[in-house]
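Since the structure comes first, as structure tokens, the remarks are kept for the end.
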Ligand SMILES: [Zn+2]
């Protein structure tokens, strides 16, 4: 019974698309981390600097509790009973998504351009040289004017 289960699992796992899917998921997760870091560590600091030293990860609204102005989000969260609305983190997630979507769009476009164009279907009919009607490509005699082709 165990060997049967193992065989079934092996058949499932060696099906190419399962491996492809797993590789895709793992690559996607790793890629997502790169994009998050790109946005949070590379793109947003200069933008924040231009906007007067805004750190997007620390943009939040205090809904409940007493938080001194300028407290970092992590510190504010650590204060007991404080509820914050973290729109800065949400904003970063949206920017992440837009960049990932744009890169995916470019990737798909590029992969599609690598695919050779589909070969045109061979013609199914030819034109009879005598009566100009369409006849079957392999016809030896025209069904319309009975000429030998
Ligand atoms: Zn004909």
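The values are calculated or read from the model by the stated rules, or taken from the named source; none is laboratory data. Every value quoted in this text rests on a predicted model; they were computed, and no experiment measured them. A quick note on method: Cβ atoms are made from the backbone with ideal geometry, for glycine too, and the neighbour counts reach across all protein chains shown.
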TODO: Please work out if residue 63 is away from the ligand (no atom under 16 Å from the Cβ) and at pLDDT 85 or above.
DONE: yes
- [ ] Determine which member of the set 124, 120, 76 is away from the ligand (no atom under 16 Å from the Cβ), over 30 Å from residue 25 (Cα atoms), surrounded by 14 or more Cβ atoms within 10 Å (Cβ to Cβ) and modelled with pLDDT under 90.
- [x] 76
Open item on the list: Against the condition away from the ligand (no atom under 16 Å from the Cβ) and not in a loop (DSSP other than H, G, I, E, B), how does residue 89 come out, does it pass?
Closed with: yes
Task: Pairs, first modelled with pLDDT of 85 or more in the range 85-113, second exposed (fewer than 13 other Cβ atoms within 10 Å of the Cβ), C-beta under 9 Å, six or more apart - done: 85/61; 85/63; 86/61; 87/61
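Each row is one residue, and each column tells you yes or no for (1) closer than 16 Å to residue 92 by Cβ; (2) loosely packed, with under 10 Cβ neighbours inside 10 Å.
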| residue | (1), (2) |
| --- | --- |
| 31 | no, no |
| 40 | yes, no |
| 44 | yes, no |
| 49 | yes, no |
| 66 | no, yes |
| 71 | no, no |
